[in-house]
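Here's the structure we're looking at; comments come further down.
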Amino acid sequence: MVRRTKIVATLGPAINTEDILQQLIAAGVNVVRINMSHGTAAERVHWIEQTRAIARRLNTEVGILVDLQGPKIRVSRFKSGKVQLVTGQQFILDADLANDQGTEQAVGIDYKTLPTDVHSGDILLLDDGRVVLEVKKIEGKKIHCQVNLGGVLSNNKGINRQGGGLSAQALTQKDQQDIVFAAQHEVDYVALSFPRSAADVVHCRELLVSAGSKAGVIAKIERVEAVDALDEIIKVSDAVMVARGDLGVEIGFAELPAIQKRIISRARALDRAVITATQMMESMIDSPIPTRAEVSDVANAVLDGTDAVMLSAETASGHYPVQAVESMAEICLVAERQKDNQVSLPISAEQFERVDQALAMAAMYAANNLGVKAIIALTESGATTLWMSRVNSDIPIYGISRNPMARGRMTLYRGVYPIELDITNYKRWEIIRVVLTMLRDQGIVQAGERIVVTRGDATGIEGFTNTLKVVTVEAPPPNLPQSRDLGEGASS
């Protein structure tokens, strides 16, 4: 059985040799994530080049995702590196305090306008809620707080306001520079941190286009405001990420599971890809096996229909990066075997505005009712395969494209497997024969198997998929040329 749910793995210090990265990709990584909050420009270029070289060597497609840092709403640094805060004590967040002068009484903050964003009575959650402060008063640049939940607070820990509402812009000057980097290196996706509205996503896309990039935009849902504007954000994005860290802190951990299910459901309904992220296999940073709770967490995301599950520190800085990928791949496979998760046909009386979208739905309906081995989409942009992937099915979808960006996009789509081939090099009548011969030689399809193929009359042009063909793969007769389509079929 071919795994349909994709795996996104974050690169970092633990991936310190090309051999480890190759093991990671061979273990099942479909997309690598480069976190722009860490590492140097030279390291990032090295990771991109290594990923592409390994993917060529392994004859596979691996997408590259650049994750923008977003606004830094964090405490600054302490003289001693960390302090112990006691419940009930007073503590000051001071925008005027020097970066490395924090003590048990006060600490500086990176986000200098925080004093104008908060009010008396607000609850501030530091270090993902491990330390809780209640705002008592604001004096100039000083936020006077009472510690409601004490604990150890160390350098550069994040600050969230319970219920959201901080005014920090999603795109910082650093993010804009990193967008240029993403364009220069032709990455497949750029993830936007902390968008509050659809306008933030549109702005990110405009900056990408201005930089010469066609990368897809992934909106990270991690603010309360983003949940409130969920559908609008999804519609202007290419994919969304359930970023459960900051989101869980802002909305409360008890609310998170229901919100996660809602985000996955709405993304699928609106024909967008969705990634579930944060602490999915957290214990595997230090352990070679996951906890039972983590196994259930990953499996439930798969059963809910997520396109991809993501590893962060587990691969970036953990002791068992390859084992984490292997374990996640196994969990996905077993979850996908559940019969009630294999076939779902959300085809209704909806009127499709595009012919290619209608053909994609027709292909899935035909495939699921004819018992075919595979679905082949000859695609220029990858859009046909995205629509197909919104229908749950255990039938693999092979996206055949000459376009590197289209293949990169498809690495994220559930149940879609991109393959490189430039069909414009062949006569129209021989294209299907060439494609099926290639897939047969690779052992993907066998003689006698029935295949659904979608293609366009206008070869090499986006948005022109208008033909559906059902063919049966034939073994080539000895010493005789193959038939044009390797089988008989019907077209429409």
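Worth a mention:
- Cα-Cα separations in the stretch 1-56 greater than 14 Å, expressed as whole percent: 52
- The Kirkwood radius of the chain, taken over pairs of alpha-carbon atoms, gives through the Stokes-Einstein law at 20 °C and 1.002 mPa s a diffusion coefficient of 89 µm² s⁻¹.
- Candidate lysines - alpha carbon under 25 Å from K427, same-chain residues fewer than 8 apart omitted: K469
- Reach of K142 by Cα under 20 Å, taken over aspartates and glutamates that are not fewer than 8 positions away in the same chain: D94, D96, D100, E104, D110, D117, D122, D127, E134
- Spacing of the two label points (7 Å from each Cα toward its C-beta) at F464 and S287, in nm: 5.6
- The length gained on full extension between V86 and V152, counted as 0.36 nm times the residue separation minus their Cα-Cα distance, comes to 22.9 nm.
- Ranked by the mean number of other Cβ atoms within 10 Å per residue, highest first, peptides 170-182, 387-399 order as 387-399, 170-182.
- Net length gained if the chain between Q101 and S210 were fully extended (0.36 nm per residue, minus Cα distance): 35.2 nm
- Reachable aspartates and glutamates from K373, criterion Cα separation under 18 angstrom, eight or more residues apart if same chain: E336, D394, D441, E449, E474, D485, E488
- Measuring r between the beta carbons of A366 and W429 and using R0 = 25 Å, the FRET efficiency lands at 0.65.
- Full-stretch length increase - H38, K112 - with 0.36 nm per residue and alpha-carbon distance subtracted: 24.5 nm
- Members of K72/K136; K137/K261; K6/K174; K82/K235; K112/K235; K82/K261 lying beyond 31 Å, as alpha-carbon distances in this model show: K137/K261; K82/K235; K112/K235; K82/K261
Computed from the coordinates by the stated procedures, all read-outs in this text should not be read as laboratory data. Predicted model, so just to flag it, every value in this text is computed and none were measured. FYI the Cβ positions are ideal-geometry reconstructions off the backbone, even for glycines, and counts take in every protein chain you see.
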